[in-house]
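Here the structure comes first, spelled out in structure tokens, and everything after it is commentary.
The values are calculated or read from the model by the stated rules, or taken from the named source; none is laboratory data. These numbers come from a predicted model, not from an experiment. As a convention, Cβ positions derive from the backbone with ideal geometry for all residues, glycine included, and neighbour counts pool all protein chains shown.
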Amino acid sequence: MSDLFKTFIKTERQQRLFEKVAYLVPKIKERVKQAEQTATFSIDNLADLKSEGYVSLTLPKEYGGEDLSLYEFLLLQEKLAEGDGATALSIGWHMGVMMELSEQTLWSKEKFEWIAKEVGEYKKVVNRAATEPATGSPTRGGIPETRAVREGNNYIINGRKSFTTMASVLDYYIVTAFIEDKDAVGSFLIKSDQPGIEVEHTWDTLGMRGTGSDDLVLNDVELSEDMLVEINETKGKRPSPKGWLLHIPACYLGIAIAARNEAIKFAKSFQPNSLKTTISEVPHIKQKIGEMDLKLMQARYFMYGIAEKWDKYPEERDNLGIELAAVKTVATNIANEVVDLSMRIVGGRGLSKTMPFEQYYRDVRAGLHNPPMDDMVIQLLAGNALRD
């Protein structure tokens, strides 16, 4: 079976980083069933990711990271997802946030250096908590119902955040709220043990159960003013493209690669008594295997090509929004098609809980609901075409 990753590993550094992740993949894969049953993020997986220094890789070297390029970030995330998509997607949010904070001046220098030290030295993990039941995804532009009310030099925050990935194991939350005295939306950095913070175990989904994306409840959480780390001052402005969000398509392509590999392994070993060979020699099975690889080539060359462009031409990043969005749509839809083909190769056995295919099938569906949504991407492409 050919190694689909070799094509995209181009340097000794990439090989070294890749081997660090490849070492973790079988360990993470062994814990999938437990995470599935409990619908929580595996504490053991998090311990391994911390001990191997994975959680700090996207930080600059001066803070204990490896200063990963976007290309390298995707390469590692795709491989990690081959072991478990839920684990890769979850830690990808943390690493993407740290990459964004490293590359852009969203926070003051002092506040960034403080959180970078927490992640680099102490391997703390952080994620944004932005989605709410009433507003849906923040990419749709809804104003958060979570409110921050000023009292003297402090803020009192009340609200509820849904889809808070890794909620129960995070060390810090970056929580969006409407700040009444500023008439603006901002973000607060909140420690997980802050009084008034509660994680409500609401995560009970078809797929990606191991992300533990529970509700974060804030009841009269009192914070000093310096914990207000961001204020949204982009009203009327087009938001800057976020290259790190390609960790989403990378994750789902990793799931598709895992399904492809398992299907080929099955095809090469399964020989019904009606045949003189394994089913790998049957024409329609070969057809499906070829289709899987063709689809994966299309999506992966597109994704890595855009990532390379992001890395090599930083001055062009503001013009890459459409391409970044298109990568997500192409990759997640192709990932679903590849998993479907893998299950058609395996047949009815693929629905059994004793085989991994039904989980790949459930997990890969979640990619269609991660931002940006297909309808937004298609409208974006249409609008761009009509402006020409």
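Can you pull out every residue in the stretch 285-296 that is of a type outside the set (Asp, Glu) and in contact with a helix residue (DSSP H, G or I) (Cβ under 9 Å, 6 or more places away or on another chain)?
Selection gives ILE285, LYS286, LYS288, ILE289, MET292, LYS295, LEU296.
A quick yes/no check of all residues on (1) over 15 Å from PRO371 (Cβ atoms); (2) in contact with a helix residue (DSSP H, G or I) (Cβ under 6 Å, 6 or more places away or on another chain):
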position	(1), (2)
ALA88	yes, yes
GLY96	no, yes
GLU100	no, yes
THR105	yes, no
THR135	no, no
PRO144	yes, no
VAL175	yes, no
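Filter the stretch 185-233 down to the residues that are in a loop (DSSP other than H, G, I, E, B), touching a strand residue (DSSP E or B) at 6+ places or on another chain (Cβ under 6 Å), crowded, with 21+ Cβ neighbours inside 10 Å and small (Gly, Ala, Ser) and list them by number.
Result: SER213, single match.
Only one of these conditions is not met by LEU68: (1) touching a helix residue (DSSP H, G or I) at 6+ places or on another chain (Cβ under 9 Å); (2) in a helix (DSSP H, G or I). Which number is it?
LEU68 satisfies every listed condition except (2).
Evaluate the stretch 277-292: report whether one residue or more is touching a Leu at 6+ places or on another chain (Cβ under 7 Å), modelled with pLDDT of 95 or more, within 30 Å of LEU101 (Cα to Cα) and in a helix (DSSP H, G or I). Quick ask: steps written out before the conclusion?
Residues of the stretch 277-292 touching a Leu at 6+ places or on another chain (Cβ under 7 Å): 288, 291-292.
From what's left, modelled with pLDDT of 95 or more: 288, 291-292.
If we keep only those that are within 30 Å of LEU101 (Cα to Cα) as well, we get none.
Within the stretch 277-292, none of the residues are touching a Leu at 6+ places or on another chain (Cβ under 7 Å), modelled with pLDDT of 95 or more, within 30 Å of LEU101 (Cα to Cα) and in a helix (DSSP H, G or I).
Of the residues that sit in the stretch 337-388 and are assigned to a helix (DSSP H, G or I) and of a type in the set (Ser, Thr, Tyr), which one is nearest to the chain's Cα centre (by Cα)? Don't jump to the end; show me each part of the working.
As a first pass, look at the stretch 337-388 and keep what is assigned to a helix (DSSP H, G or I): 337-351, 357-369, 374-387.
From the residues that got through so far, the ones that are of a type in the set (Ser, Thr, Tyr) too are 342, 360-361.
Values: SER342: 23, TYR360: 16, TYR361: 17 Å.
The selected residue is TYR360.
Suppose we filter the stretch 340-366 for residues that are farther than 19 Å from LYS33 by Cα, touching a residue at least 40 places away in the same chain (Cβ under 8 Å) and not charged (D, E, K, R); how many remain? Please lay out each step first, then the result.
So in the stretch 340-366, the residues farther than 19 Å from LYS33 by Cα come out as 340-348.
When the remaining residues are screened for being touching a residue at least 40 places away in the same chain (Cβ under 8 Å), the result is 341-346.
From the residues that got through so far, the ones that are not charged (D, E, K, R) too are 341-343, 345-346.
Within the stretch 340-366, residues that are farther than 19 Å from LYS33 by Cα, touching a residue at least 40 places away in the same chain (Cβ under 8 Å) and not charged (D, E, K, R) number 5.
On the basis of being of a type outside the set (Phe, Trp, Tyr), within 24 Å of ALA39 (Cα to Cα), in contact with an Asp or Glu (Cβ under 6 Å, 6 or more places away or on another chain) and at pLDDT 95 or above, does LYS61 make the cut? Please lay out each step first, then the result.
On the way: of a type outside the set (Phe, Trp, Tyr): yes; within 24 Å of ALA39 (Cα to Cα): no; in contact with an Asp or Glu (Cβ under 6 Å, 6 or more places away or on another chain): yes; at pLDDT 95 or above: yes.
In short, no.
Answer yes or no as to whether THR87 is within 30 Å of TYR361 (Cβ to Cβ), outside the structural domain of ASP311 (by TED's automatic domain parsing), at pLDDT below 95 and outside any loop (DSSP other than H, G, I, E, B).
Numbers: within 30 Å of TYR361 (Cβ to Cβ): yes; outside the structural domain of ASP311 (by TED's automatic domain parsing): yes; at pLDDT below 95: no; outside any loop (DSSP other than H, G, I, E, B): yes.
It is false that THR87 is within 30 Å of TYR361 (Cβ to Cβ), outside the structural domain of ASP311 (by TED's automatic domain parsing), at pLDDT below 95 and outside any loop (DSSP other than H, G, I, E, B).
Looking at LYS312, LYS276, LYS353, LYS295, which one is surrounded by 17 or more Cβ atoms within 10 Å (Cβ to Cβ) and among the charged types (D, E, K, R)?
Details: LYS312 fails: surrounded by 17 or more Cβ atoms within 10 Å (Cβ to Cβ); LYS276 fails: surrounded by 17 or more Cβ atoms within 10 Å (Cβ to Cβ); LYS353 fails: surrounded by 17 or more Cβ atoms within 10 Å (Cβ to Cβ).
Sole residue among the options that is surrounded by 17 or more Cβ atoms within 10 Å (Cβ to Cβ) and among the charged types (D, E, K, R): LYS295.
Go through (1) surrounded by 24 or more Cβ atoms within 10 Å (Cβ to Cβ); (2) of a type in the set (A, V, I, L, M); (3) in contact with an Asp or Glu (Cβ under 7 Å, 6 or more places away or on another chain) one by one and return the number of the condition ALA81 breaks.
(3)
I'm trying to understand the selection: among the residues of the stretch 227-240, which are modelled with pLDDT under 95 and not small (Gly, Ala, Ser)?
ILE231, ASN232, GLU233, THR234, LYS235, LYS237, ARG238, PRO239
Might you check whether a residue that is outside any loop (DSSP other than H, G, I, E, B), touching a strand residue (DSSP E or B) at 6+ places or on another chain (Cβ under 9 Å) and modelled with pLDDT of 95 or more occurs anywhere in the stretch 139-147?
Of the stretch 139-147, the ones outside any loop (DSSP other than H, G, I, E, B) are 139-140, 147.
With the extra rule that they be touching a strand residue (DSSP E or B) at 6+ places or on another chain (Cβ under 9 Å), the set shrinks to 147.
Okay, now just the ones that are also modelled with pLDDT of 95 or more, so 147.
Within the stretch 139-147, one or more residues are outside any loop (DSSP other than H, G, I, E, B), touching a strand residue (DSSP E or B) at 6+ places or on another chain (Cβ under 9 Å) and modelled with pLDDT of 95 or more.
Exactly one of (1) over 30 Å from ILE289 (Cβ atoms); (2) within 17 Å of the chain's Cα centre (by Cα); (3) small (Gly, Ala, Ser) is unmet by ALA258. Its number?
The one condition ALA258 does not meet is (1).
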